[in-house]
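The values are calculated or read from the model by the stated rules, or taken from the named source; none is laboratory data. Bear in mind the structure is a predicted one, so any value in this text is a computation, not a measurement. Heads up, the Cβs are rebuilt from the backbone with ideal geometry, glycines too, and the neighbour counts pull from every protein chain shown.
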Amino acid sequence: MKRIAFAVGVVVFVFGVAILAQTQSESMEQELMRLENAWNDALVKHDWAFLDQILADDYTSTERDGNVSTKALGMANLKSGETVIISAVADDFKVRVYGDAAVINFRLTYKNQVQGKESTGQDQITDVWIKRGGRWQCVASHSSQIAQK
């Protein structure tokens, strides 16, 4: 009888830990999607301080044309007004959390102006996030253009 009670206790404990881990993972996923959406809002609102916070100093971005940019170059381009983001909306999120690291894939629908010329489109984005000092920072991004039908 004691063995059965012990076995039942172990099973309940294992399921409890699994449920707690699932809840924590979902919470992190929600937090990361919120950060991605706040990033898009910051681009539209020109909130450079927020971008400086969420992008790691060693952040790199591989653009749709294959060029690689750093945080400093990207921020300088945005601050110059050469590229103006009019709208940016993310959807179709897939978030995978690996402890203090996460990979996020999503579709971005945007409208922008580059050197005064307006354009719209969709990109498939992959962002890599690391939790440092208790907060998430993006360390790398990759963008691929979605062909329009």
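Table for the structure above
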| read-out | value |
| --- | --- |
| Residue count, the stretch 65-124 (criterion: of a type in the set (G, A, S), surrounded by 14 or more Cβ atoms within 10 Å (Cβ to Cβ) and over 15 Å from S143 (Cα atoms)) | 1 |
| Of all residues making up the stretch 27-86, the number that are on the phi > 0 side of the Ramachandran plot and either of a type in the set (G, A, S) or in contact with a Lys or Arg (Cβ under 7 Å, 6 or more places away or on another chain) (or both) | 2 |
| Number of the condition not met by A21 [criteria: (1) hydrophobic (A, V, I, L, M, F, W, C); (2) over 24 Å from V128 (Cβ atoms); (3) at pLDDT below 95] | (2) |
| Strands (runs of 3 or more DSSP E) contained in the stretch 93-149 and holding at least 1 residues over 27 Å from K79 (Cα atoms) and in contact (Cβ under 8 Å) with a residue 40 or more places away in the chain | 101-114 |
| Counted residues, the stretch 54-72 - those being without any contact (Cβ under 8 Å) to a residue 24 or more places away in the chain and part of a helix (DSSP H, G or I) | 2 |
